[in-house]
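To keep things clear, I will list the structure first and then write my remarks on it.
The values are calculated or read from the model by the stated rules, or taken from the named source; none is laboratory data. All values reported here derive from a predicted model rather than from experimental measurement. Reconstructed Cβ throughout: ideal geometry from the backbone, glycine too, with neighbour counts over all protein chains shown. In case anyone asks, the SASA skips ligands and DNA or RNA and just uses the protein heavy atoms, side chains included. Shrake-Rupley method; radii C 1.70, N 1.55, O 1.52, S 1.80 Å.
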Amino acid sequence: MTVSGDLHVRGQNAVVVLRCRYRRGAYRVIRDPEGVISLWAIEGTRSSPFTIEFADRGRVSRTLGSMSPDFIQAFLEYVARLKS
């Protein structure tokens, strides 16, 4: 999966926004079959350092760069809605 440099940087900046908002805990960003992004906190991790995983079409990754450009774009839109 090839992700353009600009899209990758914007995606990483969105992860930083989430890290600032949720300083602790483990989270999973999931895109459902309709393309809607949701953020799920993993139970029992409230006191652990911030970590994030990404899930799309049964594929889970700790790196945003390995996700599809469509996933990253939907993730950017999700984080933009959180900020407003």
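Among the residues of segment 60-84, what is the count of those that are assigned to a helix (DSSP H, G or I), touching a strand residue (DSSP E or B) at 6+ places or on another chain (Cβ under 7 Å) and among the hydrophobic types (A, V, I, L, M, F, W, C)? Can you show your working first?
Taking segment 60-84 first, the residues assigned to a helix (DSSP H, G or I) are 64-66, 69-83.
Now drop any that are not touching a strand residue (DSSP E or B) at 6+ places or on another chain (Cβ under 7 Å), which leaves 64, 71, 74-75, 78.
Add one more test, that the residue is among the hydrophobic types (A, V, I, L, M, F, W, C), and what stays is 64, 71, 74-75.
Number of matching residues: 4.
Please count how many residues of segment 1-47 are surrounded by fewer than 16 Cβ atoms within 10 Å (Cβ to Cβ) and among the small types (Gly, Ala, Ser).
Final tally of qualifying residues: 7.
Taking into account only those residues within segment 10-37 that are in contact (Cβ under 8 Å) with a residue 40 or more places away in the chain and touching an Asp or Glu at 6+ places or on another chain (Cβ under 8 Å), which is farthest from residue 60 (Cα to Cα)?
37
Kindly establish whether residue 57 is open to solvent by 60 Å² or more (accessible area, probe 1.4 Å) and either under 11 Å from the mean Cα position of the chain (by Cα) or at pLDDT 95 or above (or both).
In short, no.
Look through segment 74-84, keep the residues that are touching a helix residue (DSSP H, G or I) at 6+ places or on another chain (Cβ under 8 Å) and closer than 18 Å to residue 4 by Cα, and return whichever of them is most open to solvent (accessible area, probe 1.4 Å).
Result: 76.
Return the residues of segment 1-59 that are part of a helix (DSSP H, G or I) and among the polar types (S, T, N, Q); say none if nothing qualifies.
Residues of segment 1-59 that are part of a helix (DSSP H, G or I), as a first pass: 5-21.
Those that are part of a helix (DSSP H, G or I) and among the polar types (S, T, N, Q): 12, 13.
Please state which one of 50, 71 is touching an Asp or Glu at 6+ places or on another chain (Cβ under 7 Å) and surrounded by 12 or more Cβ atoms within 10 Å (Cβ to Cβ).
Matching residue, one of 50, 71: 71.
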